[in-house]
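Mind looking over this structure? Questions follow.
The values are calculated or read from the model by the stated rules, or taken from the named source; none is laboratory data. From a predicted model like this one, the values you see are computed outputs, not experimental measurements. Cβ coordinates were reconstructed from backbone atoms using ideal geometry, including for glycine residues, and neighbour counts include every protein chain displayed.
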Amino acid sequence: MIRNLLLAVCLLSYLGACSDVESETYKPYAIRDQRRIDRGKLTGDEGLSMFNGKDQKDGGGNSAIAVNSFLWRATLDTLSFMPLASADPFGGVVITDWYENPETPGERFKVNALILDRTLRADGIKLTLFKQKVDKAGAWRDTAVDHKMERSLEDTILTRARELKVSQLGGK
């Protein structure tokens, strides 16, 4: 009798351990749907916001993008004269297509910009500039880039980012 009672208690304990303790949080969704619900929107619950000015701890506003919003906007503003090939606000990458200045035909430039941080810092952006010239056969050939030109573009972006931050802070 005691043996049967002990067996019944063990069986009930075993079955009880298999049940969902948090039965009120059970959601009958597919795993893929549940992951989507748990993560929320790609741009966050607030949506994509760049300059809403709610929380300034990170130096870039309370933004859903993964990089400093001032550097992001300044990069786009500074490189706006060049056609964009790709712009990823979550990875902080801006890639332009080739741009040929009408004043210097036979010479074209391309820029890859990488925003490295969520804070507005002097070393928060890394720019790579590519240059090509047309040879006598009419083919584009890579040529050396003056690194002063890269640094000048970085400085222009940083200056614009500071202007954007000052204008947001001064506008309150």
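Which pairs do you get when a residue that is within 13 Å of Arg73 (Cβ to Cβ) and among the polar types (S, T, N, Q), found in the stretch 145-172, comes within reach of a residue that is crowded, with 18+ Cβ neighbours inside 10 Å and at pLDDT below 90, reach meaning Cβ atoms under 8 angstrom, with the pair 6+ apart or on two chains?
These pairs meet every condition: Gln168/Gly61.
Now for a separate question. Is it true that Ile115 is without any contact (Cβ under 8 Å) to a residue 60 or more places away in the chain and within 12 Å of Phe70 (Cα to Cα)?
yes
Still on this structure: Any idea which of (1) outside any loop (DSSP other than H, G, I, E, B); (2) buried (at least 17 other Cβ atoms within 10 Å of the Cβ) is the one Glu163 doesn't satisfy?
Just one mismatch for Glu163, condition (2).
Still on this model: Restricting attention to the stretch 116-145, report how many residues are part of a strand (DSSP E or B) and hydroxyl-bearing (Ser, Thr, Tyr).
2
Let me ask you something else. Would you confirm whether any residue within the stretch 85-93 is in contact with a Ser or Thr (Cβ under 7 Å, 6 or more places away or on another chain) and crowded, with 20+ Cβ neighbours inside 10 Å?
No, the stretch 85-93 contains no residue that is in contact with a Ser or Thr (Cβ under 7 Å, 6 or more places away or on another chain) and crowded, with 20+ Cβ neighbours inside 10 Å.
Let me ask something else about it. Among the residues of the stretch 107-128 satisfying the criterion of being in contact with a Phe, Trp or Tyr (Cβ under 9 Å, 6 or more places away or on another chain) and closer than 26 Å to Ala144 by Cβ, which is surrounded by the fewest Cβ atoms within 10 Å (Cβ to Cβ)?
Looking at the filtered set, the residue picked out is Asn112.
Please work out if Ala113 is of a type in the set (Gly, Ala, Ser), under 19 Å from Leu164 (Cα atoms) and assigned to a loop (DSSP other than H, G, I, E, B).
Spelling it out, it is not the case that Ala113 is of a type in the set (Gly, Ala, Ser), under 19 Å from Leu164 (Cα atoms) and assigned to a loop (DSSP other than H, G, I, E, B).
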